[in-house]
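This report concerns only the one structure given below.
The values are calculated or read from the model by the stated rules, or taken from the named source; none is laboratory data. Predicted model only: the values in this text are computed from it and were never measured. All Cβ positions, glycine included, derive from the backbone under ideal geometry; neighbour counts span all protein chains shown.
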Amino acid sequence: MSCDVLVIVEHNEGRLKNVSSEILSFFGKIATDNGVKVVAFIFGDHISEKLYCDIGKLGIREIVSHVNNELDEQPGLVAGMIADLAKKVKPKLIVMANTVKSRDSAPMIAQKLDIEMFSDILNIDYKKTVINLARLVYGGKAIEKIKLLNQQALITVRPNVLGNDENEAFIPTITKLKTNELPRTQTYLTKAKITKEKVQKPINEADVIIAIGRGLRRVEDLIMVNDLARVVNGVIGSTRPVVDMGFVRRSHQIGQSGRSVSPRLAILLGISGQIQFVAGISKAKTIIAVNKDSKATIFKSADYGIVGDIYSIVPILTRELKKLKLQNR
Ligand SMILES: Cc1cc2nc3c(=O)[nH]c(=O)nc-3n(C[C@H](O)[C@H](O)[C@H](O)COP(=O)(O)OP(=O)(O)OC[C@H]3O[C@@H](n4cnc5c(N)ncnc54)[C@H](O)[C@@H]3O)c2cc1C
């Protein structure tokens, strides 16, 4: 299967979002008028026959769907899945809605595919050999005009700019993807861990938190952090980039756009200490930070600092705390 345009559809519990309807009807018309092959990709929970019908009514003839109730809050997983699909169907243009959800996943998809990305699109003039785009820049004070010739690109389209074309309705063909049809990339491996994590206490009720940052390189390394968490009865939290990578659930993100926490003890591993993170952890009674950079800002917020590599320090901490625990029994 291949296509010219891959539209990533957003819906609220099975009801198409307005902006997705606008995008679908715009490309439905282009498909009919210009013979452009458009595929709509829909994923998540609550995907019903009615939803497929609603998409067909907008002039779309082909849908790929992936039913999965764990994807919604995992931009890393979503990005991996869409990038994998795009590698298969090779669209010239990937189109997403300009929403809070796509703000997280769109740049990751573009990075995974190594293609250009343009957000805030206001206008699309789709021709066979050239696609002309316009978008707002400088906080809405100027309009940038972009010409796409042969390069593949990802765009995010603003709501209420494309209108709603009346198109001929189709009964779309539907290809349903199963998880095991998708390549097992690193992000898919995280799902088992995420499921296990569900039984953990909510992060804002935790007495002890082990928070991880980008210093943790691979998802497999969570095993090392889990070992430490088990010894101290801790709950794992993280910075936002770690959530975006799909290592930890969004509900365990600490900071300005995550949760504010007030544990008795917080052990921070490989976290730089940006203000947006510190805003969520500042009420912790005792903070121990481990960072290999002696000048890391996080040390200003910490009661105890360890300058070192988390990959050497965490196993030592775990071993020594285990010993202490046994002695105190
Ligand atoms: C509007 C807005 C809201 C935001 N909200 C949040 C939020 O709620 N929460 C949040 O966390 N961020 C948030 N951010 C992002 C925030 O600005 C930072 O980008 C983020 O906190 C940095 O995460 P980090 O410390 O994991 O990564 P980095 O800043 O990349 O730091 C990684 C650190 O790990 C250290 N390190 C690397 N390898 C090792 C190793 N092997 N051993 C020891 N140390 C190592 C490095 O020295 C570095 O200090 C927000 C940003 C914006 C713009």
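Hey, can you tell me all the residues within the range 47-62 that are within 13 Å of Glu10 (Cα to Cα) and among the β-branched types (Val, Ile, Thr)?
Ile47, Ile55
Applying the selection to the range 240-250, what residues are assigned to a loop (DSSP other than H, G, I, E, B) and near the ligand (Cβ under 10 Å from one of its atoms)?
Result: Met245, single match.
Can you find a residue in the range 215-234 that is under 21 Å from Leu317 (Cα atoms), surrounded by fewer than 16 Cβ atoms within 10 Å (Cβ to Cβ) and within 8 Å of the ligand (Cβ to nearest atom)?
Yes: the range 215-234 contains one or more residues that are under 21 Å from Leu317 (Cα atoms), surrounded by fewer than 16 Cβ atoms within 10 Å (Cβ to Cβ) and within 8 Å of the ligand (Cβ to nearest atom).
May I ask you to verify whether Ile82 is farther than 21 Å from Leu149 by Cα, touching a strand residue (DSSP E or B) at 6+ places or on another chain (Cβ under 7 Å) and of a type in the set (A, V, I, L, M)?
So Ile82 fits the description; yes.
Tell me which residues, restricted to the range 251-276, are of a type in the set (A, V, I, L, M) and either in contact with a Leu (Cβ under 9 Å, 6 or more places away or on another chain) or not in a loop (DSSP other than H, G, I, E, B) (or both).
Selection gives Ile254, Leu265, Ala266, Ile267, Leu268, Leu269, Ile275.
How about the range 255-281: which of its residues are closer than 21 Å to Ile313 by Cβ, of a type in the set (A, V, I, L, M, F, W, C) and more than 6 Å from the ligand (Cβ to nearest atom)?
Those that are closer than 21 Å to Ile313 by Cβ, of a type in the set (A, V, I, L, M, F, W, C) and more than 6 Å from the ligand (Cβ to nearest atom): Leu265, Ala266, Ile267, Leu268, Leu269, Val278, Ile281.
Scanning the range 237-296 for residues that are surrounded by fewer than 16 Cβ atoms within 10 Å (Cβ to Cβ) and of a type in the set (Val, Ile, Thr), which turns out farthest from Asn226 (Cα to Cα)?
The selected residue is Ile275.
Report the residue count in the range 102-136 for those that are without any contact (Cβ under 8 Å) to a residue 40 or more places away in the chain, hydroxyl-bearing (Ser, Thr, Tyr) and closer than 19 Å to Lys92 by Cβ.
Going through the range 102-136 one residue at a time, the tally reaches 2.
Only one of (1) on the phi > 0 side of the Ramachandran plot; (2) at pLDDT 90 or above is not met by Gly139, so which one is it?
Condition not satisfied by Gly139: (2).
Taking the range 292-312, which residues are within 11 Å of the ligand (Cβ to nearest atom) and either free of Cβ contacts under 8 Å to residues at least 24 places away in the same chain or in contact with a helix residue (DSSP H, G or I) (Cβ under 6 Å, 6 or more places away or on another chain) (or both)?
Those that are within 11 Å of the ligand (Cβ to nearest atom) and either free of Cβ contacts under 8 Å to residues at least 24 places away in the same chain or in contact with a helix residue (DSSP H, G or I) (Cβ under 6 Å, 6 or more places away or on another chain) (or both): Asp293, Ser294, Lys295, Ile306, Val307, Gly308, Asp309, Ser312.
Here is a check on your reading of the model: is Ile254 without any contact (Cβ under 8 Å) to a residue 40 or more places away in the chain and not assigned by TED's automatic domain parsing to the domain that holds Lys101?
So Ile254 does not fit the description; no.
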